[in-house]
Each structure stands twice: as C-alpha cells, then as structure tokens.
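J.: Have a look at this one.
The values are calculated or read from the model by the stated rules, or taken from the named source; none is laboratory data. Computed from a predicted structure; not experimentally measured. Because the Cβ atoms are built from the backbone with ideal geometry, glycine has one as well, and the counts that use them run over all protein chains shown. Surface accessibility is based on the protein's heavy atoms, side chains included, excluding ligands, DNA and RNA. Shrake-Rupley method; radii C 1.70, N 1.55, O 1.52, S 1.80 Å.
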Amino acid sequence: MSPTLLIIAFAVILIIYFVATYNGFIVLKTRIQEALSGIDVQLKRRADLIPNLVETVKGYAKHEKEVFENVTKARSALVSAKSLKDKAEANNELTGALKNLFAVAEAYPQLQASQNFQDLQKQLEDTEDKVAYSRQFYNSNVLDFNTKAQTFPNNVIASMFGFKEFEFFQATEDEKKKVDVKF
Amino acid sequence: MSIYSQINKNRWRTYLIFCIFILLTCGFFYLIGKTVDSASAYLTLGIIFSVASSFGSYFFADKIVLFSTGAFPADKKRFFDFYTVTENLSIAAGLPMPKLYVIDDSAPNAFATGRDPKHAVVCATTGLLSKLSRAEIEGVVAHELSHVKNYDILLMSVVSVLVGTIALASDWMMRGFLWGGFGKRDRDNDQNNNPLMLILAILALIIAPLVAMLIQMAISRKREFLADANGALLTRYPEGLARALEKIASDHDQLQTASNATAHLFISSPFKEKNSFNWLTNLFSTHPPIKERVKILRSM
C-alpha cells in the first residue's frame, strides 16, 4: 500500500471518529435538556398544588398568618426562578416552609380529618417523589455527559467544540439523609 | 455488562427461539405427514402454523398473557400508589409510562410483559397492592421496569405464548394416546397397533423437556438478580424490594391464574411448596430462591 493511500485511510477513520463522538455529545446534551424540562414540569406541578393547600389549611387555621406568608413567598420564588441553582434553592425553601405548615396543621384535628386535606397531602408527597426522581434522571444523564467530556480522547473534541460540563441538581441536606419508612 | 448488550442479547435469543420453534413444529408436522403419506401437505400446514404463531406471539404476547391471567386495567383513583409509583419510576428510568393492569387475586405477585418499552405492561395482583407498603410496591415496580428496559419482557412473553402453544398440543397428544392406546384396547385391537399414536406419544414425551429447556434459556437466574439490582439502582432503596420479596415469600395464598407457561413471568414463583411434589413444577423451576435475593439486596 502506498503512503498516500495510508494517509487517506487514516484521515477518513479520524473524521468518522470525530463525527461519531460529536454526535454522541449532542445526543447526551439533548437528553439532559429533556430531563431538565422534566424537572420543570414536576416543579410547576408542585407549585400549582400550593394555593389549594394554603386555602384548605386557612379554612381551619386562620391565625397562622406567618406560615402562610412564608409558603406563598417560597412558592412565588420557585415560579420565578430561572437558573438551575435558583430553582434548586427555591425548591428547598418551599420544602422548609411546607414542613412548618404541616407542623402547624398537626394542631388542628378537624383539618387532619378533612378528606380534601388528606388528598392534597398525598398529591404533594407524590409530586415531591416525582421531583426527586426527575432530578435523579437528570443527574444520571449529567454524570454520563461529564464522564464522557472528561475522559481522553473525548475531552479534546469536547474542548474543540466548546462542550462544557453540566452542573448537577443538588438535593437538600434533609433529602440526602436516609429515609425512614414507617409501617 | 451494559444495558445495551443485554438488550441485544435478548433480541437475538428471541429470534433464535422463533427459529427453534418453527423448525421443531415443521419437523413434527412432517413426521405426522409421513405416517399418513402426505408429507408435503402437512409440512406446509406446519410452516403456516408455526410462522403464524411466531408472529402472533411477537405482536400479541402481552394481550394473550393478560387475557390468560384475567387482568383488568388499573385506574389512578382506585390504585393511587401503584399508578403514581409507576409514573415516578418511569420518570427516573427515562421510560414511557407502561400500561398498568391488576389481577383480582389475594396472592401477592406481579409481572411485566410486552414487546418493547413503548408497548409495555406492568401487572400486579390486588393482594400485592393491599399487603405491601408504598416503598415496597416501589421496589417491585422498579424490578419490573428493569425487565422492561432490558427487553426481558419480549423474550419472556414470547416464550410464554410459544410454550403455552406447545403445552396445549402436547397435552392433546397425550390424551389422544391414552384414549387410543388404553381406552379402546378391549373393543378395538387395531387401534392398539396404530404407529401414528405411538409416535405422537413419544414425541410428546420428548417435547416436554424441550419446552423446559426453552424456558430455562429465557430465564436465567442472572436475569432476576440483574432486575433486582437495576431496580435498587432506580429507587436507591434496596430494602423496599427486600421487604417486598419477604412478604411475597411468606404469604400462603396461591395465585389461581398462573400456569406453567406464565410462571416465569412473575417476580416470585407463583407455585408454593405444596405443589412441589409435581415433577413438572420442579422441572420448570425458574426462580432463584428468595432468601438469596434478599441477602444480596441487603448487602447493597
């Protein structure tokens, strides 16, 4: 085989490799964006449940103004948050405010017994699970992308096309603790 | 081993099973044809029958399995935990939401079927949904979704339908032999020497172990362990599935609708010890012992 042919063959293989790696990055990036919009959907669902919940609790516990204000404030912060970091923070804030709300609700047996309140609580818990799982899906995709972007020789191609690593969606300290399941 | 190689392996095994099934059936029909001197006609019949049931099992396996177990669709209101837990885990696994079905039976058990994640079905008994907590149901559904993601469901459902077909045919032949061989002995001596009946009977005896081998091929213990591990990865809570398996194992109710053809689909063998004197059940024993699975889950 002549040297020119060898060089051409080498170049072709190199090009194919470049194209395949580039496409691989794009696929992973699209998947991350999709996962991110999945988180947004669940966060919005969570935010949408709040006004209803506040109204229901208000019906039984009028005097706990401060608690309601905190929840409403945290909710609007979550709705208006733009960056991933802000969203994660606002979501944590809301979790804290809701914890207070439910702690207050403990003192009102009639509220606890109301079917509406129980339904809302169930839906909210489920939505929190959904947020957690969509975050898990997002993070595992980010992990795939970042691992690929850091390992050699992919990192050369990543820096050539300006692929930056994605940031993880952080869980709260509370959520990181081991979950105790009651029976 | 990556999930993609697992998917490919399952696909190829499914095609291989189709080939084996078609060859076996055609050979069988050819033999029958030979005894009655119309080999080619019977061979054509065999080809049509086996190819048709292969296609049928590929496209309709989920419906056939659901029909044979008597399952009905689950709605979100009545089965809130089952429905929402599956929604959540589908999000985590990046899978489309599978269709959900429920079997009205007090024995706790569950299975998944379908040909790919877009046509997947997860089915649980009412016993499972009422006896298990939300975290335990989550563990079970995560296990089933891992089967969906790995394409285990394709292989397992196809095997179910083909095995069901063979079992049915082999059952008929055994009856034919008993009826032709013993029942008519006193009245009609000619019947006793019919070579066709003898051949059919021998074939039926050969086919049963072959069918068992087919199931063994579809169900390696590794497949269940892998689904346990992937399920735990999904929920990040192996204890949920471990507790669920313990509850399922310690339950004494017997699942009414399971058969040898569908037993391997379930998360835990639907046949309890009281049936284990049945040699066929032992032959078809497809599930690794629960104790071992729980031990592995607890060590994660």
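J.: Starting at the first residue of the stretch B:289-299, write each ³J(HN,Hα) from the Karplus equation 6.51 cos²θ - 1.76 cosθ + 1.60 with θ = phi - 60°, in whole Hz, x for Gly and Pro.
T.: Once θ is set to phi - 60°, the couplings for the stretch B:289-299 become x, 4, 4, 5, 5, 5, 4, 5, 4, 5, 8 Hz.
J.: What are the ³J(HN,Hα) couplings of the stretch B:85-101, residue after residue, when phi is run through the Karplus curve with 6.51, -1.76, 1.60 and θ = phi - 60°? Round to Hz, x for glycine and proline.
T.: Result, rounded to whole Hz: 4, 5, 3, 4, 6, 5, 4, 5, 8, x, 10, x, 5, x, 6, 10, 10.
J.: Which is the longest run of chain A containing none of the GluC sites (Glu not before Pro) found in DSSP loop states (not H, G, I, E, B) with at most 13 other C-beta atoms within 10 Å?
T.: Values: sites that count: A:E106, A:E165, A:E167.
Longest stretch, sites excluded: A:1-105.
J.: Quick one: 3J(HN,Hα) in Hz for the stretch A:26-41, Karplus 6.51/-1.76/1.60 with θ = phi - 60°, rounded, Gly and Pro as x.
T.: Running phi through 6.51 cos²θ - 1.76 cosθ + 1.60 with θ = phi - 60° gives 5, 4, 5, 5, 4, 4, 5, 4, 5, 5, 5, 5, x, 4, 4, 4 Hz.
J.: How many Å² of accessible area per residue for the stretch A:1-95, probe 1.4 Å? Before the final figure, lay out the partial values.
T.: Details: 6040 Å² over 95 residues.
Result: 64 Å² per residue.
J.: Another one. Total accessible area buried between chains A and B, 1.4 Å probe, in Å² to the nearest 100? All intermediate terms of the calculation are to be shown ahead of the outcome.
T.: Values: alone 12090 and 14890 Å², together 25550 Å².
What A and B bury together is about 1400 Å².
J.: Which of the residues in the stretch A:124-140 lose at least 50 Å² of accessible area when you go from the chain alone to all protein chains together (probe 1.4 Å)?
T.: At a threshold of 50 Å² (probe 1.4 Å), the residues of the stretch A:124-140 that become less exposed are A:D126, A:K130, A:Y133, A:Q136, A:F137.
J.: May I ask you to give the percent of accessible area on the stretch B:1-112 that is carbon plus sulfur, with a probe radius of 1.4 Å? Working shown, then result.
T.: On the way: 3910 of 5730 Å².
Here it works out to 68 percent.
J.: Right, another one. Calculated from DSSP H runs of 4 or more alone, at -39500 (n - 2.57) each and per residue, what is the 222 nm mean residue ellipticity of chain A, nearest 500? Let's see the in-between values first.
T.: Working: 7 runs with 148 residues, N = 183.
When only DSSP H runs of four or more count, the value is -28000 deg cm²/dmol.
J.: Extension gain B:M97-B:E292, at 0.36 nm per residue separation less the Cα-Cα distance, in nm? Show your work: numbers first, answer last.
T.: On the way: separation 195, 0.36 × 195 = 70.20 nm, distance 3.05 nm.
Gain on extension, B:M97 to B:E292, equals 67.2 nm.
J.: Put simply, what bits of the stretch B:52-96 lose 30 Å² or more of accessible area when the other protein chains are there, versus the chain on its own (1.4 Å probe)?
T.: Buried on complex formation: B:F80, B:N88, B:I91, B:A92.
J.: With the crude spin-label approximation of a point 7 Å out along Cα→Cβ, what separation in nm comes out for B:T44 versus B:K222?
T.: My value for the distance between the label points is 4.4 nm.
J.: What's the FRET efficiency of B:F60 with A:E66 using the Cβ-Cβ distance as r and R₀ = 45 Å, to the nearest 0.05? Let's see the in-between values first.
T.: Working: r = 60 Å, r/R0 = 1.34.
For R0 = 45 Å, the calculated efficiency reads 0.15.
J.: So which trypsin sites (Lys or Arg not before Pro) in the stretch A:1-92 pass both tests, a DSSP loop state and at most 15 other Cβ atoms within 10 Å of the Cβ? The partial results should precede the final answer.
T.: Working: sites: A:K29, A:R31, A:K44, A:R45, A:R46, A:K58, A:K62, A:K65, A:K73, A:R75, A:K82, A:K85, A:K87; in loops: A:K62, A:K82.
Answer by residue number: A:K62, A:K82.
J.: Modelling each spin label as a point 7 Å along the Cα-to-Cβ direction, I'd like the B:D37/A:A107 distance in nm, to one decimal.
T.: With each label point 7 Å from Cα toward Cβ, the separation is 10.0 nm.
J.: Once you put a point 7 Å from the Cα of B:Y30 and another 7 Å from the Cα of A:Q118, both along the Cβ direction, what distance in nm separates them?
T.: Once both label points are built, they end up 6.7 nm from each other.
J.: Moving on to the next point. Nearest 0.05, what FRET efficiency do A:E165 and A:I16 give at R0 = 35 Å with Cβ-Cβ as r?
T.: Details: r = 25 Å, r/R0 = 0.73.
The pair A:E165/A:I16 has a calculated efficiency of 0.85.
J.: For B:A120, enumerate residues with amide H under 5 Å from its amide H, sequence gap 5+ or separate chain, H modeled in the peptide plane.
T.: Counting only residues 5 or more places away or on other chains, the set is B:K99.
J.: What FRET efficiency comes out for B:S250 versus B:K76 if R0 is 41 angstrom and r is the Cβ-Cβ distance? Round to the nearest 0.05.
T.: Values: r = 30 Å, r/R0 = 0.72.
In this case the efficiency is close to 0.85.
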